[in-house]
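The values are calculated or read from the model by the stated rules, or taken from the named source; none is laboratory data. Note that this is a predicted model, so its numbers are computed, not measured. Backbone-built Cβ (ideal geometry, glycine too); neighbour counts: all protein chains shown.
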Amino acid sequence: MKLFVTLLLLAPISALSQTIDTAHELLWEISGNGIQTSYLFGTMHTNDRRVYNLSDSTYVALDQAEIIACEVDIFSAFEDLGPLTETIDLNYDKYGNPFTSSSRASKRVYGDEDGMPQPLDAYFQQFSSNAGKLFEPLESIESQINVVKDFSLTPYWKGIHLDALMYDEVILLNKYIAGDISVLDEMMKNSMSGFPGLYEAMIVDRNKTMSHKLDSLMHIKSVFCAIGAGHLAGSRGVIKCLEHKGYHVRKVLASYSEDSDISRSVRSYRSTIYENDSIRFGAVFPGQQQEVHRLFDGDDLLLRLIYRDLGQGNTYEVEVYLRKDDLPLDQLAKMHIPSPRESTIEKIVLEDTLDAYQGIGHSYTDGTHWVRVMASGEKFLVIKASGGNKFMNSPRPFRFFDAVWLD
């Protein structure tokens, strides 16, 4: 268990009154060599709300950067993983309405429902797409997998940053929040000492690779680079690598305001709009959705879009179908809402006067999820939302449903 937990670490100014945290060494300014000012930020792969206590300077750096760089394309790393580590069991009242007697936060492989929707590194990547900024990974997923294979660490590979071993999560989190990047580096060395060559392969070699890619990016545009905090410090850390290349790297003091225009601006990028003019439908997703299906000959499914909250484990999905057989909407709903026997499928009228049906669906492949079916002309939509105890008993699935439209 200690091995898995330590993997978390290397995963990946307002005029208002401020407080200064002189020990919070997570944001570094990079200048010199003819580049625009860029920034390096140390992350931790967790959705714990405490790591989201970002300084004013961090919000400024995010806002000003033209490129957001992370270790890997985090969402691609997670795309084949199931969102939840446990089954959600709902009960039903005498009217077929679902409920649960538990308010417990459901667990996710990389977080739980009491945390933020995304791990911190995934949040930065999500922000880049929502804000229309360029995103660049510093490494490939394949390169990380190769390190895992070389050192027979495959059982610990979970699609996240594989940079540390054998420390308690609470200790790591406290050191990270305090910004003790030098201590984190020593912890990494000690934890990997039982695997000869692992620290060089997992940390030192990758530091060189990431520094080289970051060097190239900074000569193109200004960069906000977010990598695991365990990569920053030490004589062979990324900070030293950049200094050896001739850059000036300066720690930025962490200042905090109660609120500021710049922090509100950055936090406002909470969604992205998908529009398809040929199919004539659109949807608002929390972040950049993945297109996982296109029309093939003889296939009624035109398009399937999916988006996952990697921290809380929520999934949002839209399927667009051709309506070939003129089946009435209630029959389409029964076909696409695999409702448990105790549940009911409800007919509703949307604001644009379209009829729709919605209810709880449950299948072996999708688990338990809310589903809405709506149709217009020759097309119909199947919209799904699923998550843990708190999500399934909240208005969030229906807010997503209401943000999907079909002309």
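Of all the criteria given as (1) within 21 Å of ILE67 (Cα to Cα); (2) modelled with pLDDT of 95 or more, the one not satisfied by HIS244 is (1). Evaluation of ALA226 against the conditions (1) modelled with pLDDT of 95 or more; (2) not in a strand (DSSP E or B) shows that the sole unmet condition is (2). Using the structure shown, decide if LEU214 is at pLDDT 95 or above and either surrounded by fewer than 19 Cβ atoms within 10 Å (Cβ to Cβ) or under 21 Å from ILE141 (Cβ atoms) (or both). In short, yes. One residue alone among ARG236, ARG270, ARG264 is of a type in the set (Lys, Arg), exposed (fewer than 15 other Cβ atoms within 10 Å of the Cβ) and part of a loop (DSSP other than H, G, I, E, B), and that residue is ARG270.
Checking each residue in region 342-357 for being farther than 11 Å from LEU329 by Cα and either touching a helix residue (DSSP H, G or I) at 6+ places or on another chain (Cβ under 9 Å) or assigned to a strand (DSSP E or B) (or both) picks out ILE345, GLU346, ILE348, VAL349, LEU350, GLU351.
Look at region 199-210: where a residue is more than 13 Å from GLU71 (Cα to Cα) and a partner is assigned to a helix (DSSP H, G or I), sitting 6+ places away or on another chain with Cβ atoms under 7 Å, you get TYR199/MET188; TYR199/LYS189; TYR199/MET192; ALA201/VAL147; ALA201/ASP150.
One residue is enough: does region 290-306 have a residue meeting the conditions at negative phi, of a type in the set (S, T, N, Q) and either crowded, with 19+ Cβ neighbours inside 10 Å or not in a strand (DSSP E or B) (or both)?
no
One residue stands out among those in region 307-341 that are in a strand (DSSP E or B) and among the β-branched types (Val, Ile, Thr): the one that is surrounded by the most Cβ atoms within 10 Å (Cβ to Cβ), which is VAL318. Residues of region 115-141 that are within 14 Å of GLY228 (Cα to Cα) and assigned to a helix (DSSP H, G or I): LEU120, ASP121, ALA122, TYR123, PHE124, GLN125. In region 124-152, the residues that are over 19 Å from SER211 (Cα atoms) reach residues that are modelled with pLDDT of 95 or more and part of a helix (DSSP H, G or I) with C-beta atoms within less than 7 angstrom, at least six apart or across chains, in these pairs: PHE127/LEU62.
Restricting region 374-388 to residues that are within 14 Å of TYR316 (Cα to Cα) and not hydroxyl-bearing (Ser, Thr, Tyr) leaves a set whose member that is surrounded by the most Cβ atoms within 10 Å (Cβ to Cβ) is GLY387.
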